[in-house]
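Report on one structure; see the data block that follows.
The values are calculated or read from the model by the stated rules, or taken from the named source; none is laboratory data. Predicted, not measured: the structure shown is a model, and the values here were computed from it. With ideal geometry, Cβ positions are generated from the backbone for all residues, glycine too; neighbour counts draw on all protein chains shown. Each accessible area value is taken on the protein alone, full model and side chains, heavy atoms only, with ligands, DNA and RNA left out. Shrake-Rupley method; radii C 1.70, N 1.55, O 1.52, S 1.80 Å.
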Amino acid sequence: MNAPALHAIHILARPEVPPLPPYNAGLSSEAVRARYGATEIARLASNENPFGASPAVARALAGLALHVGTYPDAQCTALRAAIAARTGVPAEAIAVGNGSEDILQMLCQAFLSPGDRVLAQRPAFGLHEIYPRMMGARVELLELTPALGFDVDAWCQALARGPKIAMLANPSNPVGCMFSAGDFARLLDATPQQTLLVVDEAYYEYALHAEGYPDVLALLRGRPMPWIVLRTFSKAWGLAGLRVGYGLASDAALVQLLDRVRTPFNVNQAAQAAALAAWGDVGFMQRGVAETVRLRGVLAQRLATLPVRMAPSAANFLFIDIGRPNGPVNEALLARGLIVKPWKEPGFEHFIRVSVGTEADNARFADALAGILEGGQ
Ligand SMILES: *Cc1c(COP(=O)(O)O)cnc(C)c1O
């Protein structure tokens, strides 16, 4: 492509679009194999579940091949009913998306105009910033405390200024820190009625193992501001490849607005069937989560013997300050077939995020990191 053509097409684009950063989805296993010649690959970059999905999912999917000629249920009726039955949120107040990132996008499309103010955390899940900017909103990013925690005072002050939307991930991705029940109650007291609170609980099922993790739905009920709690089938339920997330909202009217902007068949048939089957096997999910929480402890103990710094994590990953630029360390890890996420945001170039994988993959990662750091790379 030549430069003038690129320039011309940029002029046609909405002004918000060309400056958007690309989402950093990381390297595929195939790319690492091809580029580094690594044979044994450990995928520890995307917080995927090493234990996969319940066997009930495979059974549900096997029956679908003969039915792919019909459109999926545009309302996700069965899945919403199942989610309603377990969460106590009425089905009309539940949104389902092609991943919870789809719901983040719908929220931004439905509520944000150019110049609107959005509050989010730095570092955070990239789409908390990218989707608001796509709509022309101004994003205020709050900083972590020096101890790698949420700055609750700063959050309260910024919420009191009345942003249109506040995006809170609890626990945080990539840090793993969380707002406690007490912190969260303070945030709610500080939030004006006109602010839409988006609480991203992508790691909810893991965080239930963390002491003090708030029952946010209970705390939100009866509050005057609009809110939506986002959860996903991608992490604890092991369905990242099929893309299903859901939002539990303060009221049905909010979900009806999201319905106006979403693609009508946003959750495909396989995704709906798989999510419903996974949801029916809570035991499988809970065993995998408990094992990941145990393995996170083992990995954190091992890493504590290395010259690194870590925040305590309530999720299925660890955010590690390796005390030197992460680029060369990441290259050395890739050469050994270990895919992690080197953080690229200014101020965090010494951090890598590693997902908790199988016991063997975690040990390979810890050994490799120890060797690389000792080697002075
Ligand atoms: C993984 C993740 C999501 C996205 O989940 P999908 O349902 O796969 O789109 C959303 N928010 C956070 C904070 C995440 O880490």
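Rounded, prolate or oblate, given the Cα gyration tensor of segment 107-241, with a/c below 1.5 counting as rounded? Rounded is the answer for segment 107-241, as its axis ratio a/c remains below 1.5. Per-atom-type breakdown for segment 195-329 gives carbon and sulfur 57% of the accessible area (1.4 Å probe, protein chains only).
Seen through its C-alpha gyration tensor, with square-root eigenvalues sorted a ≥ b ≥ c, the chain comes out rounded because a/c lies under 1.5. Within segment 165-272, the GluC sites (Glu not before Pro) that combine a DSSP coil assignment with at most 16 other C-beta atoms in a 10 angstrom radius are Glu211. Just the protein heavy atoms count here, and of the accessible area of segment 8-50 at 1.4 Å, carbon and sulfur take up 60 percent. Close amide H pairs (under 5 Å, H built 1.01 Å from N) link Gln121 with Leu142, residues at least 5 positions away or on another chain. With R₀ fixed at 35 Å, the C-beta to C-beta distance from Ala181 to Ala370 puts the FRET efficiency at about 0.40. Think of a 1.4 Å ball rolled over the protein heavy atoms: segment 64-206 then has 37 Å² of accessible area per residue.
Per-residue ellipticity at 222 nm from helix content only, as computed over the chain with -39500 (n - 2.57) for each DSSP H run of at least four residues, stands at -12000 deg cm²/dmol. A cut-off of 5 Å between modelled amide H atoms, ignoring neighbours fewer than 5 places along the same chain, links Val356 with Phe317, Leu318. Sparsely packed loop sites in segment 12-67 (the chymotrypsin sites (Phe, Trp or Tyr not before Pro) outside DSSP H, G, I, E and B with at most 12 other Cβ atoms within 10 Å) comprise Tyr23.
Once both labels are positioned 7 Å from their Cα atoms along Cα-to-Cβ, the gap between Arg221 and Ile9 label points is 5.1 nm. Per residue, the accessible area of segment 285-377 comes to 40 Å², computed with a 1.4 Å probe over protein heavy atoms only.
Hydropathy at least -1.0 by Kyte-Doolittle, axial extent at least 24 angstrom from the Cα trace: which helices of the chain, defined as entire DSSP H runs, fit?
Result, helices passing both filters: 282-303.
Derived scalar couplings between HN and Hα for segment 239-245 equal 10, 3, x, 9, 6, 9, x Hz in order, rounded to whole Hz, by the Karplus curve 6.51 cos²θ - 1.76 cosθ + 1.60 (θ = phi - 60°), x for Gly and Pro. Label zone (Tyr23, point 7 Å along Cα-to-C-beta; backbone nitrogen cut-off 19 Å) within segment 315-338: none. To put it simply, the accessible area of segment 334-377 at a 1.4 Å probe is 54 percent carbon and sulfur.
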